[in-house]
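One structure is given below, encoded as structure tokens.
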């Protein structure tokens, strides 16, 4: 039996919380983004997600129980396995196997290969609980190489026009992907301190990223592409008074709605989530008997049902048997 409490999953048979929004005695953390990671008394997670969490948690009392991908362990009468989710560094899916069958929790995932981490794996299961952030048909992302080419061309044009190109990107995941794309094209880069800190964790984990200096107002010369967190929309001190061009890196911009750019001049649909076709592809590959949904569009469940798939969108405080 499991319960969805405040969008947090509790598996009673294992006494384990999954991506709980509140600190718990024991919680599995699928990845290091703030809407999934909390400093539980015991944090069950992947090796690289533990690196990210240690860098981001202010509470140093949390203890970590880490597991390598595809290295099963037992908890009570169940076998648990973490495997790649393709979302950000260390992001994992959780497979729970027992007498009643196999259950997979995807968390946030991406099937398409990226420039900074491997793509998600897909495992056959009886029940899957998956996110459906982009679970509507118009959310179809262009090929990643096409998005990368457009980002590089836009940044080069800005520099040629003596403007500072600024990409707004989440400090974990999206920023490192942008560094891989832009730095890989030979563009000089600088990044906000929060982005630089997470990039150092990527390096510690063996992910080779192009050079990107830490932004400092007294040394920034205006001839670099600047990477900045979306939460810091006030222009950095060193670029005030200069010509600037801003771009938001978000999957929502695929809808071509300027409000998705969050006040930036333009947007590029660089996402670390699965788009609509990839969500369908995941279900096709996993071949579950039942699909449970959260973190996205409720009507994605109706779309799956029309395809003959037993699907349900979970509501808060709902209790369900795994199988």
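For this structure, a couple of remarks:
- Of the three principal axes defined by the Cα atoms of the chain, the extents in descending order read 64, 46, 30 Å.
- Helix axis angle, 47-56 relative to the chain longest principal axis, alpha carbon, degrees: 60
- Note that the range 154-222 carries a Kirkwood radius of 12.5 Å, evaluated over its alpha carbons pair by pair.
- Two-site FRET efficiency, residue 70 against residue 100, from Cβ-Cβ distance with R₀ of 22 Å, rounded to 0.05: 0.50
- Helix 174-184 and the longest principal axis of the Cα set of the chain meet at an angle near 50°.
- Zero-based 5 Å bins, Cα pair distances in the range 40-187, whole percents: 2, 8, 14, 17, 16, 14, 11, 8, 5, 3, 1, 1, 0
- Exposure proxy shown here: for 48, 15, 221, the number of other Cβ atoms within 10 Å sets the order, fewest to most, as 221, 15, 48.
- Degrees, to the nearest 10: 193-204 long Cα axis against longest axis of the chain: 60
- Length released on extending from residue 153 to residue 242, taking residue separation times 0.36 nm less the Cα-Cα span: 30.0 nm
- Relative packing of 285-291, 205-211, which averages over residues the other C-beta atoms within 10 Å, highest first: 285-291, 205-211
- Space enclosed by the convex hull of the alpha-carbon atoms of the range 144-268, per residue, Å³: 100
- Per-residue Cβ neighbour rank within 10 angstrom, fewest leading, 131, 315: 315, 131
Taken together, the values in this text are just the output of simple stated rules run on the coordinates, not laboratory data. Being a predicted model, the structure only gives us computed values, none of them experimental. Here the Cβ is made from the backbone with ideal geometry for all residues, glycine too, and neighbour counts use every protein chain on show.
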